[in-house]
Amino acid sequence: MKIGVLTGGGDCPGLNAVIRAVVKTAIQQYKMEVLGIIDGYYGLVNNEIKELALEDVSGIMPRGGTILGTSNVVNPFNYYTIVNGKKVYSDISDIVIKNIKANGIDVMVVIGGDGTLEIAHKFFKKGVPVVGIPKTIDNDLSATDVTFGFDTAILTATEAIDKIHTTAESHHRVMIVEVMGRNAGWIALHSGIAGGAHIILIPEIPFNYDEILKKIYERKGKGKHFSIIVVAEGAKPKGGDVVVKRFVADTTEPIRLGGIGNKVADEIEKITGFETRVTTLGHIQRGGSPSPFDRILATRFGAEAVQLVAKGDFGKMVSLRTPEIIAVPLGEAIGRQKKVATDSSYIRTAKMIGISFGDQ
Ligand code: F6P
């Protein structure tokens, strides 16, 4: 049996650990062959595919990124070419299926977020045997308890918040750290609690500027002349909207968020006169060596995915239902975002220790 493996969408720590587990399990346990697809669906469209041997995955576990490369702008069901200076869209999924067959690939193992897995599901419905593996630093896929990449992202963000504390305290400033996460507040919530933030702003709880100021003044009143605010890129004020940084055409989610940290800072400085600074963490949250948790989860996902392949259990996605790895139908797994529940114990705990969400 021959497996094709691809990584699609944004990179995230742990992708190489999954590729390694897929290759090792397939070759060592089942004597299968593995072909690596270059740059996500781009490689399937353009037939850029290479064999992956055990040597190719040796030593890649601690490396961030993906040795296969990735793309988030290639969708074979809505593929664009430039004709007479204009973008023309067409469905070239049959070319992809032809390439899959020409390379002797029996099953595709697709590692990606919502967009990549949605495309995988469409191929499955067209008769391509597929097994999905979920990834994203945002942790916003509802079909799994956690995605790999998230733990490393919150570690990176927490370390940054720890460092920001130094300047905040020394200069008596309000320091704002803007983190990623799209429309979910998981990264902000977890890194904010772990990093000892005083105010956490997340998309699920629209905030009120007065409440933010109240918290800052309350701290001042207690002799604490600095405050740390962690804001998710998707946070928005009550009755207001998210801040959009750019549109990236031809991606499954074209809106890129960013800039809410500066808005909040401007407002605080304008009203209070307190010196306020913003640090936007950006893509460093997606980079670097995966944490042990992410390495282990990625390895379990990779090994379990190959077992689904061996059983012929296609159209499924591996998922963590603590403590087990289970298989869920791809169709049910995609398109359902996991948001922070406003009545969750995380929020309760944070409020108990005095963290403000700018919401009262
Ligand atoms: O989904 C992962 C993520 O890093 C989000 O947190 C962020 O909003 C987005 O991707 C950034 O995308 P890009 O790399 O295209 O700027």
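Restricting attention to region 212-225, which residues are in contact (Cβ under 8 Å) with a residue 60 or more places away in the chain and open to solvent by less than 30 Å² (accessible area, probe 1.4 Å)?
Passing the criteria: 212, 215.
Selection within region 37-73: residues that are closer than 25 Å to residue 156 by Cα and within 16 Å of the ligand (Cβ to nearest atom). The member of this set that is farthest from the chain's Cα centre (by Cα) is 69. Any residue at all in region 339-352 that is touching an Asp or Glu at 6+ places or on another chain (Cβ under 9 Å) and open to solvent by 70 Å² or more (accessible area, probe 1.4 Å)? Yes, region 339-352 has at least one match.
Got a sec? Which of 27, 82, 3 is open to solvent by less than 20 Å² (accessible area, probe 1.4 Å) and either away from the ligand (no atom under 16 Å from the Cβ) or not hydroxyl-bearing (Ser, Thr, Tyr) (or both)?
Values: 27 fails: open to solvent by less than 20 Å² (accessible area, probe 1.4 Å); 82 fails: open to solvent by less than 20 Å² (accessible area, probe 1.4 Å).
The conditions single out 3.
Is it the case that residue 334 is free of Cβ contacts under 8 Å to residues at least 12 places away in the same chain and within 21 Å of the chain's Cα centre (by Cα)? Taking the combined requirement at face value, the residue does not satisfy it.
Given the options 277, 286, 321, name the one that is more than 16 Å from the ligand (Cβ to nearest atom), in contact (Cβ under 8 Å) with a residue 24 or more places away in the chain and within 30 Å of residue 23 (Cα to Cα).
Numbers: 277 fails: within 30 Å of residue 23 (Cα to Cα); 286 fails: more than 16 Å from the ligand (Cβ to nearest atom).
Just a single option satisfies the conditions, and that option is 321.
Taken together, 151, 162, 145 contain a single residue that is touching a residue at least 24 places away in the same chain (Cβ under 8 Å), acidic (Asp, Glu) and part of a loop (DSSP other than H, G, I, E, B), which is 145. Do we find a residue being within 15 Å of the ligand (Cβ to nearest atom) and either modelled with pLDDT of 95 or more or over 30 Å from residue 289 (Cα atoms) (or both) anywhere in region 211-220? No, there is no match, as no residue in region 211-220 is within 15 Å of the ligand (Cβ to nearest atom) and either modelled with pLDDT of 95 or more or over 30 Å from residue 289 (Cα atoms) (or both). Taken together, the residues in region 259-280 that are buried (at least 16 other Cβ atoms within 10 Å of the Cβ) and touching a Ser or Thr at 6+ places or on another chain (Cβ under 7 Å) amount to 3.
The values are calculated or read from the model by the stated rules, or taken from the named source; none is laboratory data. Since the structure is predicted, the reported quantities are computational estimates derived from the model, not experimental observations. With ideal geometry, Cβ positions are generated from the backbone for all residues, glycine too; neighbour counts draw on all protein chains shown. For the accessible areas, the whole protein counts, side chains as well, though only heavy atoms, and no ligand, DNA or RNA atoms are used. Shrake-Rupley method; radii C 1.70, N 1.55, O 1.52, S 1.80 Å.
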